[in-house]
Every structure is written in structure tokens, then in C-alpha cells.
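All remarks here apply to the structure that follows.
The values are calculated or read from the model by the stated rules, or taken from the named source; none is laboratory data. None of the values given here were measured: they were computed from a predicted structure. Cβ coordinates were reconstructed from backbone atoms using ideal geometry, including for glycine residues, and neighbour counts include every protein chain displayed. Heads up: the accessible areas ignore ligands, DNA and RNA and are worked out on the full protein's heavy atoms, side chains in. Shrake-Rupley method; radii C 1.70, N 1.55, O 1.52, S 1.80 Å.
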Amino acid sequence: MDMDTHNQSSCSWRVRFALNLKGISYEYKAVDLRKEEQYTAEFEKLNPMYFVPVLVDGDTMVSDSFAILLAASIISSSVQPLQMLNLLKYIEEKAGPEERLSWARYVIERGFQALEKLLENVATRYATGDEVCLADVFLAPQIGASTLRFQIDMVKFPTLRRIHESYKTLPEYTASLPESQPDATI
């Protein structure tokens with residue numbers, strides 16, 4: 001099984017995390033989004049929407065993290081799509097570089113506020129209990145990417161911050177981190 005991916009993509013990160021949790025091995029195939037390798041004719045055959053990840057298993061290709069994980073969440077529908085690189089690039093072109101970061105922070109914090117309310121009375125070690133579930137697979141990369149790329153202050157979200165600290169103890173999470181991927185840059 002191959003996965004065409006980029007180390008910084010939160011969509012790819014959630015799939016890496018889920019595959020690691022399930023002990024499913026895959027061959028990592030780096031797609032450099034900064035160099036726009038997703039727009040090559042070869043990649044277009046895998047995903048005409050030009051997004052990563054793409055999971056290839058024999059003749060079967062699945063080109064959406066949602067479909068790969070068979071799930072829905074606040075993260076994947078209300079937060080993550082609104083901070084994608086192509087949208088942020090468009091905002092920067094139309095409104096300037098300062099608006100790019102402002103928009104991303106607004107979208108992320110709005111989503112995190114909703115998640116904080118939703119999980120504050122439910123979450124124990126992880127999002128819905130003491131076992132990692134699909135919600136955690138979506139949440140872990142979103143929090144990680146939000147703090148690294150957009151400097152979101154997690155002090156405002158104590159439940160999410162506590163849950164994220166729990167992820168850091170999981171070897172499957174550590175193995176899925178962007179800096180643990182073959183195409184990681186320093």
C-alpha cells in the first residue's frame with residue numbers, strides 16, 4: 001500500500017496517525033505542496049482535486065482523508081478546509097499577507113471554541129474516553145498544525161490542550177508527526 005502525502009498536511013497526518021494506530025504499514029510517497037507537485041499530470045491521475053493524501057492499494061485509489069477514514073467531524077468540515085494552503089494563498093493575494101494569518105486564526109479558534117464546549121464534560125484522557133477514537137485521529141493533527149503553523153494559544157482551550165498532551169505519549173502519534181516523515185525539512 002502506498003500513500004502519496006506531504007509531511008505538513010493535516011489531512012495526511014490524520015491518516016498516518018490512524019494507520020499507525022491500526023498497525024497498517026504503507027510506503028510513504030512525498031508530494032511537495034510548496035513546489036506544487038500535486039499539480040503534475042501524474043498526480044492528477046491519482047486525484048484530480050489535487051489534494052493529499054492519496055492511498056493506493058493495488059487497483060484501489062482513495063483520494064480523500066475522509067473517505068480513507070470513513071468519518072465526519074467539526075475539524076474536517078468546519079475548520080480544516082477553511083485553512084487549506086490554496087485558500088490561504090488566495091486570501092493573501094486578494095487581501096494581503098496579514099489577512100492570511102488573521103483568517104486562519106479566526107477559523108481555527110472558532111472551531112476550537114465549539115470543540116472545547118462539546119468536549120469539556122465528556123473528554124477524559126482522549127476526546128471521548130480513555131481509548132483513542134476517530135475523533136482523536138482528526139483532532140490531534142489539527143491541534144498540532146494549529147499551534148505550529150498559526151501560533152494558536154491553547155491556553156484558551158484547556159480541554160483540548162490536555163487531550164493533545166495525551167496524544168504526545170502515543171508512539172503512533174509521534175511516528176505520524178510531520179518532522180518524523182521522510183520529506184521533513186529542517
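In table form, for the structure just shown:
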| read-out | value |
| --- | --- |
| D (Stokes-Einstein, µm²/s), Kirkwood Cα radius, region 77-186, 1.002 mPa s at 20 °C | 144 µm²/s |
| Sequence-distant aspartates and glutamates (8 or more away, or on other chains) whose Cα lies within less than 20 Å of K89 | D32, E36, E37, E98, E99, E109 |
| Rounded to the nearest 20 debye, dipole of region 67-158 from Cβ charges on Lys, Arg, Asp, Glu | 180 debye |
| Euclidean distance between Cα centres, region 95-165 to region 2-75, Å | 22 Å |
| Local electrostatic count at P53 - Lys and Arg +1, Asp and Glu -1, tallied over other residues with Cβ under 13 Å | -3 |
| Accessible area of the chain belonging to carbon and sulfur atoms, whole % at 1.4 Å probe | 54 percent |
| Contact order relative to length of the chain, as percent, for alpha carbon pairs under 8 angstrom and 6 or more apart | 26 percent |
| The chain: DSSP helices with Cα axial extent of at least 30 Å and average Kyte-Doolittle hydropathy no lower than -1.0 | 97-119 |
| Normalised convex hull volume, region 99-160, alpha-carbon set, Å³ per residue | 73 Å³ |
| Length added when fully stretched, T174-A114, from 0.36 nm per residue minus Cα-Cα | 19.0 nm |
| Cα-based shape type of the chain, given that a ≥ b ≥ c are square roots of the gyration tensor eigenvalues and the cut on a/c is 1.5 | oblate |
| Ordering of 6-12, 171-177, 24-30 by packing [mean C-beta count within 10 Å, highest first] | 6-12, 171-177, 24-30 |
| Around L177: net Lys/Arg minus Asp/Glu count, Cβ-Cβ under 14 Å | +1 |
| Farthest positive-ward along the chain dipole, Cα basis, beta-carbon charges - from A41, S10, V122 | V122 |
| Burial ranking of peptide ranges 56-69, 135-148, 34-47 (average Cβ count within 10 Å, highest at the top) | 135-148, 56-69, 34-47 |
| Links that overshoot a 23 Å alpha carbon limit, given the list K35/K94; K22/K168; K94/K117 | K94/K117 |
| Accessible area per residue, Å², the chain with all protein chains present, probe 1.4 Å | 52 Å² |
| Most mobile of Y126, Y167, Y90 in a GNM of the chain (Cα contacts under 10 Å) | Y90 |
| Charged-residue dipole, Cβ positions (Lys, Arg, Asp, Glu), the chain about Cα centre, Debye nearest 20 | 600 debye |
| For region 1-89, the fraction of alpha-carbon pairs in successive 10 Å shells from zero, as % | 16, 54, 28, 2 |
